[in-house]
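See structure below.
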Amino acid sequence: MNSKVPAQYRRVLSGMRPTGQLHLGHYHGVLKNWTELQQEYKCYFFVADWHALTTHYEDPSIIADSTWEMIIDWLAAGVDHGLADLFIQSSVPEHAELHLLLSMVTPLGWLERVPSYKDQQEKLKEKDLATYGFLGYPLLQSADILMYKAGLVPVGEDQVAHVELTREVARRFNHLYGREPDFEEKAEIAIKKMGKKNAKMFNKLRSSYQENGDHEALNVARALLEAQQNITVGDKERLFGYLEGSGRVILPEPQSLLTKASKMPGLDGQKMSKSYNNTIALRDEPEEVEKKLRTMPTDPARVRLTDPGNPAKCPVWQFHEVYSDEGVCEWVQEGCRSAGIGCLECKQPVIEAVLRELKPMQERALEYTEQPDLVRSIIVEGNEKARDVAKETIEEVRAAMSLNLI
Ligand code: TRP
Ligand code: SF4
């Protein structure tokens, strides 16, 4: 655990766009990670259907279908609704309000400079992405994250810039609206509420940090604040800010939790992705999986069985790296280079391992497919829990922006 993240914010949030069937790339790159995180943190996982709409606005029906299929895939992969809250972004309209309010303080240049803005427009040339919604995509993501005051956001490399933008937006928001005119007085009163001993300790730690840049003191002071039972959330936010020399920390800055690039290759050795047509879907029938693997390309040097090959030039080898133990890997290396084994023979352990991995997932997926009401109720419950948190944040944000008129 990164000690820089106060315990209060040990919440993890991540979203996934519903744009098609999930495959082994998603499983190894994202879902397995989620199933581990849910054991350790308070997790919120959601279907980013509004995000999908920014690029698929012309045919939104795909989004609706994919949403339920994707939730089934999550559950099948071991994401546990008892541990994590699962919800759908558009069921929590507070995300839209926060997006709107954040948009007031977000300079246009910050959005135009996010690398994915131009990259995606280039990549998806067939789509008109010169829209207001698409430009705002990363800010909508910021609203998702800040809504739950998430400290950690598991993302791939391509999304790190979005978390970085979120940090900047949060900083600006806190700077603009966390500076109450009587901030210092309020902070001093809050310190007294901690009791004599704690107040003294807090002041000492705060000076050590502010005067000597002592980061250890900062961490200890944060832990001290977290442990306080008898001060309000508002006072805690004041003191977190007071400690660091800023205003009230209404929206804490998140950190990205970079997911290691998945080693899972596609059938052709490139990254597994639907747009490359090289995927094994989590719910492909076993016969289909077997066929895909049997016909996947190998080192082109091995035209005949007697031609030696080089695993480094073969996508099957990358599968062995994910699925096979040392013994099998040695057998491949040796057999391939000496033409001692055939490619089909070499693929057999991979086929078995992939089928073994998929089997329990497919069984669980079938159970959920047969009980659509159950899946629906899981999401209804997750939506409600998410909304409870979202409403609290929105109340605070409105109050900070003087919008709590009635
Ligand atoms: N933009 C993310 C993606 O394309 C999905 C997403 C939306 C997200 N909101 C988020 C991820 C908030 C993490 C946190 O994969
Ligand atoms: Fe690839 Fe295995 Fe064939 Fe070698 S033997 S080319 S590693 S499939």
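The values are calculated or read from the model by the stated rules, or taken from the named source; none is laboratory data. What you see is a predicted model, and the numbers here were worked out from it, not measured in a lab. All Cβ positions, even for glycine, are placed from backbone atoms using ideal geometry, and neighbour counts span all protein chains on display. We work out accessible area using only protein heavy atoms, side chains counted, and drop any ligands, DNA or RNA first. Shrake-Rupley method; radii C 1.70, N 1.55, O 1.52, S 1.80 Å.
What the table below lists for this structure:
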{"item": "Protein accessible area in region 162-252, 1.4 Å probe - carbon and sulfur %", "result": "49 percent"}
{"item": "Residue-wise HN-Hα coupling along region 288-301, computed from phi with Karplus coefficients 6.51, -1.76, 1.60 (Hz; x: Gly, Pro)", "result": "5, 4, 4, 5, 4, 6, 5, 9, 5, x, 10, 4, x, 5"}
{"item": "Partner aspartates and glutamates for K193 [C-alpha distance under 20 Å; skip if fewer than 8 residues away on the same chain]", "result": "E180, D182, E184, E185, E226, D235, E237, E244"}
{"item": "Cleavage-rule hits, trypsin sites (Lys or Arg not before Pro), region 234-297, DSSP coil, Cβ neighbours within 10 Å at most 13", "result": "K260, K263"}
{"item": "Stretch gain in nm, segment L100-V233, where the contour uses 0.36 nm per residue and the Cα spacing is subtracted", "result": "45.5 nm"}
{"item": "Loop-resident sites, region 62-162, for trypsin sites (Lys or Arg not before Pro), counting at most 11 other Cβ within 10 Å (DSSP)", "result": "K125"}
{"item": "At q = 0.14, 0.17, 0.26 Å⁻¹, base-10 log of I(q)/I(0) for region 283-369 (Debye sum, equal scatterers on each alpha carbon)", "result": "-0.50, -0.69, -1.29"}
{"item": "Carbon + sulfur, % of accessible area of region 283-369 - ligands and nucleic acids excluded, 1.4 Å", "result": "53 percent"}
{"item": "Separation of alpha-carbon centers, region 153-205 and region 98-150, rounded to whole Å", "result": "25 Å"}
{"item": "Förster radius 22 Å - calculated FRET efficiency between A339 and D268 (Cβ-Cβ, nearest 0.05)", "result": "0.45"}
{"item": "Region 48-115: GluC sites (Glu not before Pro) in DSSP loop, at most 11 other beta carbons within 10 Å", "result": "E58"}
{"item": "R0 of 45 Å, Cβ-Cβ distance E287-S116: FRET efficiency to nearest 0.05", "result": "0.75"}
{"item": "Theoretical ellipticity at 222 nm over the chain - DSSP helices of four or more residues, -39500 (n - 2.57) apiece, nearest 500", "result": "-17500 deg cm²/dmol"}
{"item": "Cα shape, region 183-244, gyration tensor, a/c 1.5 rule", "result": "prolate"}
{"item": "Residue-normalised accessible area of the chain, given per residue in Å² at a 1.4 Å probe", "result": "50 Å²"}
{"item": "Largest-first principal axis extents of the Cα set of the chain (Å)", "result": "83, 47, 42"}
{"item": "Across K125/K291; K127/K263; K192/K391; K291/K359, pairs whose alpha-carbon gap is larger than 25 Å", "result": "K125/K291; K127/K263; K192/K391"}
{"item": "For region 341-359 versus region 231-264, the gap between their alpha-carbon centres in whole angstrom", "result": "46 Å"}
{"item": "Translational diffusion coefficient (Stokes-Einstein; Kirkwood radius from C-alpha pairs) of region 152-285 at 20 °C, 1.002 mPa s, in µm²/s", "result": "120 µm²/s"}
